[in-house]
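To start, the structure under review is shown below, and the notes come after it.
The values are calculated or read from the model by the stated rules, or taken from the named source; none is laboratory data. All of these numbers come straight from a predicted model, not from anything done at the bench. Cβ sites come from the backbone with ideal geometry, for glycine too, and all protein chains shown count toward neighbours.
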Amino acid sequence: MAINKKPLLEVNSIDVFYGFFHALWNVSLDVYDGEIVSLIGANGMGKTTLINTVSGVIHPKTGKIFFKGIDITMLPPHSIVELGIVQVPEGRRIFPNLSVKDNLKIGSYTKRARAKKDQLLKRVYELFPVLEERKNQLAGTLSGGEQQMLAIGRGLMADPQLLMLDEISLGLAPALVDSLVRKVKEINQEGVTVLLVDENVSRSLSVCDRAYIIKSGRIVLSGTPRELKSAKEIKKAYFGV
């Protein structure tokens, strides 16, 4: 895969606090156009804090974040979505009392997506046919796997250039997780850059071009799957053994 010289997303030496709690320490991360990059770490290590900071939900105390060369460090979330960064949050956060179709339509509220809403909806239905079959069904009545498909589909309705997926495997059977990972690859092959957040090392390395391992709010290791294949090194960085 050819990588441009300038990253699509640049996270430069950010520190993030919750009150007096220092959550992220001097974190830097690059994502290039066309990549799948995995952010790997156990629960509570700072993965969600990092992507929430990229999304503008939290602002860093120090450091800078750039997207397509634009400083987005202090922008509000809606402005960041408009630029092309979309986060699919952990826990799905669908609207259970709305239909599947209405949940999807909510995703296309941005100016960049509104004009091609029908085209985007058609593509989501092609990617996840079960969502079209159940488009008039209340979202809260879907299975866990179907709700995850809906959450991803809603994210795609915003026409992202960078799609950040937070723990899409949470609470799902392994076979279904494998199916979702294949869909992530398909989404990427169609031109969407992906930042995949997961705690499963082997699954993350199987799908990504590069990976970052985060521990206690610090990036402790990064590289290609081949560079990170040493089990001893992974265990030391990831599990502290």
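Any idea how many residues of the stretch 88-105 are among the β-branched types (Val, Ile, Thr) and either modelled with pLDDT under 90 or farther than 17 Å from Leu156 by Cβ (or both)?
Quick first cut of the stretch 88-105, residues among the β-branched types (Val, Ile, Thr) only: 88, 94, 100.
Now narrow it down to the ones that are either modelled with pLDDT under 90 or farther than 17 Å from Leu156 by Cβ (or both): 94.
Here the count works out to 1.
Among the residues of the stretch 31-44, what is the count of those that are in contact with a Phe, Trp or Tyr (Cβ under 9 Å, 6 or more places away or on another chain) and either free of Cβ contacts under 8 Å to residues at least 40 places away in the same chain or assigned to a loop (DSSP other than H, G, I, E, B) (or both)? Walk me through it before giving the result.
Kept after step one, since they are in contact with a Phe, Trp or Tyr (Cβ under 9 Å, 6 or more places away or on another chain), are these residues of the stretch 31-44: 37-42.
Then keep just the ones that are either free of Cβ contacts under 8 Å to residues at least 40 places away in the same chain or assigned to a loop (DSSP other than H, G, I, E, B) (or both); that gives 41-42.
Total meeting the criteria: 2.
Would you mind finding the one in Val86, Val16, Val57 that is β-branched (Val, Ile, Thr), under 16 Å from the mean Cα position of the chain (by Cα) and assigned to a strand (DSSP E or B)? Steps first, please.
Numbers: Val16 fails: under 16 Å from the mean Cα position of the chain (by Cα); Val57 fails: assigned to a strand (DSSP E or B).
Step by step, each of Val86, Val16, Val57 is checked, and only Val86 is β-branched (Val, Ile, Thr), under 16 Å from the mean Cα position of the chain (by Cα) and assigned to a strand (DSSP E or B).
Any residue in the stretch 55-82 that's loosely packed, with under 14 Cβ neighbours inside 10 Å: show its pairings with residues that are acidic (Asp, Glu) at Cβ separation under 6 Å, as long as the two are six or more apart or on different chains.
Final answer for the pair search is Lys61/Asp15; Thr62/Asp15.
Just the residues that are closer than 22 Å to Gly84 by Cβ and of a type in the set (A, V, I, L, M, F, W, C), please, taken from the stretch 194-218.
Val194, Leu195, Leu196, Val197, Val207, Cys208
Within the group Ile80, Ile85, Ile40, which residue is in contact with a helix residue (DSSP H, G or I) (Cβ under 7 Å, 6 or more places away or on another chain), modelled with pLDDT of 95 or more, within 27 Å of Lys185 (Cβ to Cβ) and among the hydrophobic types (A, V, I, L, M, F, W, C)?
Numbers: Ile80 fails: in contact with a helix residue (DSSP H, G or I) (Cβ under 7 Å, 6 or more places away or on another chain); Ile40 fails: modelled with pLDDT of 95 or more.
Sole residue among the options that is in contact with a helix residue (DSSP H, G or I) (Cβ under 7 Å, 6 or more places away or on another chain), modelled with pLDDT of 95 or more, within 27 Å of Lys185 (Cβ to Cβ) and among the hydrophobic types (A, V, I, L, M, F, W, C): Ile85.
Take the stretch 79-105 and flag every residue that is on the phi > 0 side of the Ramachandran plot, of a type outside the set (Gly, Ala, Ser) and in contact with a Leu (Cβ under 7 Å, 6 or more places away or on another chain).
Residues of the stretch 79-105 that are on the phi > 0 side of the Ramachandran plot, as a first pass: 84, 91-93.
Checking the rest, the ones that are also of a type outside the set (Gly, Ala, Ser) come to 92-93.
The answer is none; no residue qualifies.
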